[in-house]
1. Going residue by residue through the range 17-27, is there one that turns out to be at pLDDT 85 or above, β-branched (V, I, T) and either surrounded by 15 or more Cβ atoms within 10 Å (Cβ to Cβ) or in a helix (DSSP H, G or I) (or both)?
2. State which residue is surrounded by the most Cβ atoms within 10 Å (Cβ to Cβ) when the search covers only the range 62-101 and only residues that are at pLDDT 90 or above and in contact with a strand residue (DSSP E or B) (Cβ under 9 Å, 6 or more places away or on another chain).
3. Restricting attention to the range 76-95, and to residues there that are among the hydrophobic types (A, V, I, L, M, F, W, C) and part of a loop (DSSP other than H, G, I, E, B), which single residue is nearest to L19 (Cα to Cα)?
4. Given the criteria among the hydroxyl-bearing types (S, T, Y), in a helix (DSSP H, G or I) and without any contact (Cβ under 8 Å) to a residue 40 or more places away in the chain, does Y39 qualify?
5. Please work out which one of (1) at pLDDT 95 or above; (2) of a type in the set (A, V, I, L, M); (3) exposed (fewer than 15 other Cβ atoms within 10 Å of the Cβ) is the condition I3 fails and give its number.
Amino acid sequence: MYIVNLGQALTHVGSTSDLERAVRLNRQYAQSLGWQAHYDRIVQILGFAFHTPGEHEFAEAVAAWRARQTDLTSDGILGPNSWKRLKAVLATSSPTPGGTASSSTASGSTKSALYPEVNRVCLNLVCEGQAG
């Protein structure tokens, strides 16, 4: 379940050829930068709590994440600069039993790393017994 408007994220990537370029480069960077080994945690941080995204959906989510960063272009590519930034997020977050990533704050409470609204809705569904 991915509640973020993917149509809006796609506009960050740009044209279909930009999206295809992002998919192609993500395949290369996954191996050359080593982030493929962390893929399950990365998709959790990007907001995918209940399914694994396809390559295009992943690129769109990366574009949306990059758009929220102050100095990264929203091209959908998890390249060297964005991987460095995302590694820092991975280092401060840990998977929770509900399959979402959370980040510890100074007060010791946990907060969703990047998509609090997605995790809140998903956790509510689990708490209310509505999730499959």
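The values are calculated or read from the model by the stated rules, or taken from the named source; none is laboratory data. Owing to the predicted nature of the structure, the values given are computational and were not obtained by experimental measurement. Cβ: placed from backbone, ideal geometry, glycine included. Neighbour counts: every protein chain shown.
1. So in the range 17-27, the residues at pLDDT 85 or above come out as 17-27.
Those left that are additionally β-branched (V, I, T): 23.
This time we only want the ones that are either surrounded by 15 or more Cβ atoms within 10 Å (Cβ to Cβ) or in a helix (DSSP H, G or I) (or both), so: 23.
Looking through the range 17-27, at least one residue is at pLDDT 85 or above, β-branched (V, I, T) and either surrounded by 15 or more Cβ atoms within 10 Å (Cβ to Cβ) or in a helix (DSSP H, G or I) (or both).
2. Within the range 62-101, the match that is surrounded by the most Cβ atoms within 10 Å (Cβ to Cβ) is L90.
3. I77
4. Yes: the conditions hold for Y39.
5. Of the numbered conditions (1) at pLDDT 95 or above; (2) of a type in the set (A, V, I, L, M); (3) exposed (fewer than 15 other Cβ atoms within 10 Å of the Cβ), the odd one out for I3 is (1).
Every residue, every condition in (1) part of a loop (DSSP other than H, G, I, E, B); (2) in contact with a helix residue (DSSP H, G or I) (Cβ under 7 Å, 6 or more places away or on another chain); (3) hydrophobic (A, V, I, L, M, F, W, C), yes or no:
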residue	(1), (2), (3)
G47	yes, yes, no
A61	no, yes, yes
R66	no, yes, no
S74	yes, yes, no
